[in-house]
Amino acid sequence: MHGKFDDLGRFADPSLLILTSLSDGPKHGYAIMTDIADFSGVRMEPGTLYGALSRLERRGWVRPLAIAGRRRPYQITAAGQEILAEQVTTMQQIVRVARLRTAMAWGA
Amino acid sequence: MSPGLADRLSRALVGCHPRRWRERYGEEMLDVLDQHHLTARTVASLAASALSSHVDPAYRTERLSLSRSRLRRAVVISAAVAAGLVLAFGMLGFAAWRERWQLSGAGGVGGVAFAPGRHLLVSAVGGANQDSMDTVWDLTDPARPRQLAAFQGGEPTALSPDGRIVATVSFGGEPVLWNVAAPRRPARTAIMSAGGTAPLWGEAFSPGGQILAVAYTDQIFLWDVASAARPRLLGTLAAPVTTVGDASFTPQDITFSPDGRMLASVTGTGYVTVWNVTDPARAARIATLTSLRDYVQTIAFSPRGLLAAITYHGTVLVFSLADPARPALTATISGIMTHALYPDGLLQHPDAPPCPSCSPANYTVAFTPDGRTLTVVVARQEGNVTSAYSIAARDTVFTWNATSSGAVSGLTTVTRDVNDSQPTLAPNGRTVADGSPTSNAVYLWTPP
């Protein structure tokens, strides 16, 4: 996970990555980080992760589960799933426009 | 930024968050740091998180109000305090985390071995990787481990009692001696290529450091290593190779008795063979110990003529070798695994995917130097884990009082969640060293 995708971290919203990671089941902090690295190539650092997790928690988009050892799994809430779906729709729109316009710029 | 510095700074920065934030997230964040590869980016992200949490109304300390000028001042103060703490703790280390230290290199801890005499430890990072480093640590002050020699010597398996010679296995599978008496100039002194063609699986120094037992799957070679530059072959012992049951499971352990008169090995059969090595040139097998129903996985001698063995499924056996020719089974303790369960009676970590073929546990066993206490550590892994669930393990430390006749009583247990654990007991029979194959760290801890 080194190199060319690192800069993507600046463009991809950590909250979106976390909600995406949690949408297939609860995960603890480190599992979220490795999952995000696996599916997006973004190496999220612990400070960024917990900053975003605490904001998501306060908005009611994720909920903490009972701690197991030193690990606390987090679960996406129904509200979190709704917001993720909205975000994905918006992004699909952006992707569609970006594809169209880059295709035009290349003269396709 | 060096990994050690990034580690210390990151941990200090977790402590720089507001109290309420630390109470809520501190412990789990430290757990993440234990598993994460820490770099300057980690430090930067934690510094940013510490600052933003101080100005976050939800975690802000009571002294701050909403007034903008005071808020600005608070940010400046927080930054100054954070910078001060980072400098202070970065240099001094943080008392709470002093039990852990970072090893150089990358790839995980491959092996940990204590020298019986001095508090020294060899750790391999990287296992079979050619870049792996073997490191000798001086643990005279356990709170401040001091790194002595570091060298690329292959997989280390034994450290001489005086801490001067490290026996390793070369990448070609041959036993090699390294002289580490001068830590800045570790030197390879001998390759003992006279051994067989069978795989080499273990090495052990005698308590006096004169003899090195080199264990292959079919025989054990006894070398006189009084001169590390010119090791002399004293004799060979035929090790039983009959494999019983599951051939893929081959428990292996080798150790000398504290008086140096006996050598015990566990080989592919899961049986314990005891040899009389009083005269190494005329060493002879004196007994074979077995649990009959289970493989023995690891063993330890007591200074009072006992031998303790742990089987694959966690049964503790104690034999009296008062009459070595007629060893007597004096205690059988089964069911200790039921004490080592995860909450809700689970056999493995609740996060872990099921793994029916996984080994139930890693074990280590030792007696205290006075022989009065028997300690067994059971390390339960999560199982056959994926990267997303990579590391979690639970160490359960069992201690019993042992009499000289081999009776044991008075069980106490202590449990601790650790990183992926390959525990080793220190010569004091109490301190546990957890080397994690998935992080470059060894944890030392002593149950209360």
So, counting K/R as plus one and D/E as minus one, what does the shell of residues with Cβ under 13 Å around B:Ser320 add up to? +1
Long-range HN-HN contacts of B:Leu306 with modeled amide H, under 5 Å: B:Leu321
Around B:Met262, which amide H atoms from residues at least 5 apart in sequence, or from another chain, sit under 5 Å from its own amide H, with H modelled in the peptide plane? B:Ser257, B:Val277
Less than 10 Å Cβ to Cβ from B:Asn276, Lys/Arg counted +1 and Asp/Glu -1: what total charge do the surrounding residues give? +2
Taking the Cβ of B:Leu200 as the centre, find all other residues whose Cβ is under 11 Å away and add up their charges (Lys, Arg: +1; Asp, Glu: -1). -4
What number in nm² do you get for the range A:8-105 if you take the convex hull of its Cα atoms and divide its surface by four? 6.8
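None of the figures in this text is laboratory data; all of them are computed from the coordinates on show. These figures come from a predicted structure and were not determined experimentally. Glycine also receives a Cβ, built like all others from the backbone with ideal geometry; neighbour counts cover every protein chain displayed.
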